[in-house]
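Data first, discussion second: the structure below is written as structure tokens.
The values are calculated or read from the model by the stated rules, or taken from the named source; none is laboratory data. Computed from a predicted model, the values in this text were never measured in an experiment. Positions of Cβ are backbone-derived with ideal geometry, glycine not excepted, and every protein chain shown enters the neighbour counts.
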Amino acid sequence: MILLAPMEGLLDHMLRDVLTRVGGIDRCVSEFIRITDMLLPKRVFTRIVPELLNGGLTPAGVPVRAQLLGSDPVCMADNAGRLAELKPAGIDLNFGCPAKCVNRHRGGAVLLDEPELIHEIVKAVRQAMPEAMPLSVKMRLGYMDYSRTLDCAQAMVEAGAEEIVVHGRSKADGYKPPAYWDRIAAVREAVPVNVVANGEIWTVEDARRAQAESGCQDLMLGRGMVADPGLALAVSQAGRASMDWDELQPLMLHFWRLVREHVQAKHQAGRLKQWLHYLRRRYPEAEEAYLRLRTVNDPQLLEQQFFHPEPEGVDA
């Protein structure tokens, strides 16, 4: 099983739509919905996870679990109950976000120093959800160190989590290579639920090493999938070649149309360039396009220059 990771500010419903059309992704997790001290209206959930208006599925039919982030067990439970009314494919809880602004307000990875509070949160959310609706969690190996990794994982499972995705780094490690896939193995051995390995999986070879070192068959792909949209399919179907640049173009056009529809005009060019920045890792053509377009901020001009360039040798 291959999951598509949540990535705040990047891997939103538009990229989920595009990437799940390629194939190979079995399930998605949304970007986090921040829970503080109030019961959110349903429109907030559907704005961040519009798949809730489509039976909890992307247009390609891939299920999406909606992710909550917060530290107040009662408020998390209240919001989980309301979210459950919208019938997502499941609910996921974020104990992995390393962002300073999130951690400063007691959300995400900072809670990995408080396994007792994690237990309270997961238990409250589980009790607020329908029994048949799945509950999963996302965690890192720790906050500043790895001393409480197993305490946190066991607290999650004892409170009712049915699956744990483990990013193989602590908050202190950030996103610097490597990811410590071998440390995920200890989590897998310590809990009786499915454990999914995540972190620094950019290629099929990385995926195989992550599986071997963690002992997990299931993987979550994030930045690697953004950089190489054919990665999940190549991992799931041995011997399959990844997508070439020409195959990617219809998907990029579909993404651009979604951006033009859903994003403010002043941010539209930035969204395409953001994806091109990641694609540079895999495609020389993306490098060329990114360098050529990086100063272009007008959406119409960007569209003309990227999707409808003047043929070579033809005077403008």
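The requirement of being among the small types (Gly, Ala, Ser) and within 14 Å of VAL122 (Cβ to Cβ) is not satisfied by GLY61. With ALA186, ALA197, ALA207, ALA153 as the choices, which residue is in a strand (DSSP E or B) and either without any contact (Cβ under 8 Å) to a residue 60 or more places away in the chain or touching a helix residue (DSSP H, G or I) at 6+ places or on another chain (Cβ under 6 Å) (or both)? Answer to the selection: ALA197. Being surrounded by fewer than 21 Cβ atoms within 10 Å (Cβ to Cβ) and either at pLDDT 95 or above or in contact with a strand residue (DSSP E or B) (Cβ under 8 Å, 6 or more places away or on another chain) (or both) is true of PRO192. Within segment 288-305, one or more residues are touching a helix residue (DSSP H, G or I) at 6+ places or on another chain (Cβ under 9 Å), farther than 30 Å from ARG27 by Cα and touching a residue at least 40 places away in the same chain (Cβ under 8 Å). When segment 113-136 is filtered for residues that are closer than 15 Å to CYS152 by Cα and under 19 Å from the mean Cα position of the chain (by Cα), only SER136 remains. When the test is whether a residue is surrounded by 12 or more Cβ atoms within 10 Å (Cβ to Cβ), modelled with pLDDT of 95 or more, assigned by TED's automatic domain parsing to the domain that holds VAL18 and in contact with a Gly (Cβ under 7 Å, 6 or more places away or on another chain), ALA227 does not pass it.
When you scan segment 100-110, do you find a residue that is in the same structural domain as VAL191 (by TED's automatic domain parsing), at positive phi and either of a type in the set (Asp, Glu) or touching a helix residue (DSSP H, G or I) at 6+ places or on another chain (Cβ under 7 Å) (or both), even just one? Yes. Residues in segment 210-239 that are more than 22 Å from ASP92 (Cα to Cα) and assigned to a loop (DSSP other than H, G, I, E, B): GLY215, ASP228, PRO229, GLY230, GLN237, ALA238, GLY239. Filtering segment 1-43 to residues that are in a loop (DSSP other than H, G, I, E, B) and free of Cβ contacts under 8 Å to residues at least 60 places away in the same chain leaves GLY9, ASP12, ASP26, ILE35, ASP37, MET38, LEU39, LEU40, PRO41.
In this structure, PRO177 does not qualify as in the same structural domain as ARG280 (by TED's automatic domain parsing) and either of a type in the set (A, V, I, L, M, F, W, C) or more than 19 Å from LEU3 (Cβ to Cβ) (or both).
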